[in-house]
1. Have a look at V271, G24, L93 and report the one farthest towards the positive end of the charge dipole of the chain, computed about the Cα centre with Cβ charges (Lys/Arg +1, Asp/Glu -1).
2. Checking the cross-link filter: which lysines have an alpha carbon closer than 17 Å to that of K259, excluding same-chain neighbours under 8 positions apart?
3. Contact order normalised by length for region 218-405, with contacts defined as Cα pairs under 8 Å and 6 or more residues apart; what percent is it?
4. Can you find, among V225, G389, G308, the residue farthest towards the positive end of the dipole of region 218-405? Put +1 on the C-beta of Lys and Arg, -1 on that of Asp and Glu.
5. Would you tally the net charge around V165, using a Cβ to Cβ cut-off of less than 13 Å, leaving V165 out, and scoring K and R as +1, D and E as -1?
6. Ignoring ligands, DNA and RNA, what percent of the accessible area of the chain is carbon or sulfur (1.4 Å)?
7. With +1 on each Lys and Arg Cβ and -1 on each Asp and Glu Cβ, how big is the dipole of the chain about its Cα centre, in debye rounded to the nearest 20?
8. Among residues other than A114 whose Cβ falls under 15 Å from its Cβ, what is the net charge (Lys/Arg +1, Asp/Glu -1)?
Amino acid sequence: MDSKDFRSVLEAQREYFRSGATLGYEARRRALLALSDGLRANEEALLEALRLDLHKSRFEAYSNELATLNSEIAHSLAHLRSWMRPRRVLPELHLLPSRGEIRPQSLGCALIIAPWNYPIQLALAPLVAALAAGCTAIIKPSEISLNSEKILATMIGKIFDPRLVAIVTGGPEVSTELLGLPFDKFFFTGSPAVGTIVMKAAAERLASVTLELGGKSPALVDSTVDLLAAARMIAWGKFNNAGQTCVAPDYVLVEKSVKAPFLEALRAVIVEFFGEEPKLSPNFGRIINRRHFDRISSYLSQGRIVAGGERDPEALYIAPTLLDCDDWDAPVMTDEIFGPLLPVLGYSSPEEAVDLVARRPRPLALYIFSNDRRTRALWRDSIPFGGGGIHSTVLQFASSRLPFGGIGGSGLGSYHGKAGFDAFTQYKSILIRSPRLEPGLFYPPKTMPLALVRFITGGGHMRRKP
Ligand code: NAD
């Protein structure tokens, strides 16, 4: 397809949207069920593509990609009727007699651009939200996860009428063409650098935009916790998909007095999870390509390697690696690592930990490991971050009941469950008056007294007793 074809696909989607065919409850439900059936019918091919692209085990591929999608679809189906229902509100005294209505209105035609690290899930979870909201969608998966891109294209082509959902394959040049088209909604998951390009494109059209970006997500660990339990949760979140997870703990900031035993606990946990030779473990992934392999490898010299450090460029393998690090200005501490490399740094007081994190770009996720309520509240409340966990990593992503998104450089807007529906919806507010009950109090020349207006609109309440 070239740019002329993209435009005609979008025009066909716009016609279809205008016909109202996507908007009814039954149409939305049918589309979600079709996606669910398609996932089931193509399960083996999808798991195989994920193995080929990222060496994901069946368990990891199913639980991180397909299970998340299935539960997102089930949640949307269970709540769709209530999400679609208009809500009534009673307007303020000065607007009576009247009633107010808030009616969810589908945004229209959406463009979904996805990355390579969870190539199936991150292309289709926004689609679940778009379909629930009654939108049409063009999906542009990542060209880097080639096998997943291929199966997605085949599957979507089989399931959907292209007037409802179409898929376009290719790299940045294709995205650039698509970004030039008049979509009503741009939904992007990927790097902050490309996020900026997408936001500019959306600004050109004054279109709605959601950006799901990345960045450095810290885990903070103090001396009050069970270090082995914290190490297990952090290592699991970090080394899943070989560290190529947007919400993986990027680095650990641990209370200095327990840094040595914590590193020891992490080292033991890596052996427990992946054996003495992680390269042979079916549960440990590979780096997506040579460019990222070289990028991550360059960080290995920016700290003292405490565990791991082995690499095999042919196999795109980098061992789960712990880096004892204290240079906040080294690239490993300024770039998003996005690989199986975990720098561990020390802090002296909970306030210093806040200062070290809050001074840097706002994280997509923050993970808090402390049994001290005051410390937990301090870290939770004084650091701006997208979302996160307490005694938990990554799992906040898996709940349809928790809106998922970043803040500042880590994203704009959120999705999953109702938040996803909202991301593709405009709430139309309508004030309804009865022509038969029109007191005409606003119309000149017989307007109501100004003092009355001041009183009923709250002007009188502003005065405070000394
Ligand atoms: P990326 O930004 O390089 O690519 C994402 C998508 O944008 C791809 O489909 C790609 O083809 C397209 N693209 C690339 N360059 C483009 C350009 N110049 N113009 C228009 N489109 C372009 O990201 P990636 O390497 O695929 O993914 C890694 C990044 O994504 C990391 O920063 C990670 O944290 C982030 N991420 C975020 C989330 C989240 O949910 N917040 C999830 C996964 C990944």
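1. Comparing the listed Cα positions along the dipole, L93 ranks first.
2. none
3. Across region 218-405, relative contact order equals 27 percent.
4. G389
5. Neighbourhood net charge equals +4.
6. 56 percent
7. 2680 debye
8. Within the 15 Å Cβ shell, the charges total -3.
The values are calculated or read from the model by the stated rules, or taken from the named source; none is laboratory data. Being a predicted model, the structure only gives us computed values, none of them experimental. We place every Cβ from the backbone using ideal geometry, glycine too, and count neighbours over all the protein chains shown. Protein only, heavy atoms only, side chains kept; ligands, DNA and RNA dropped before computing areas. Shrake-Rupley method; radii C 1.70, N 1.55, O 1.52, S 1.80 Å.
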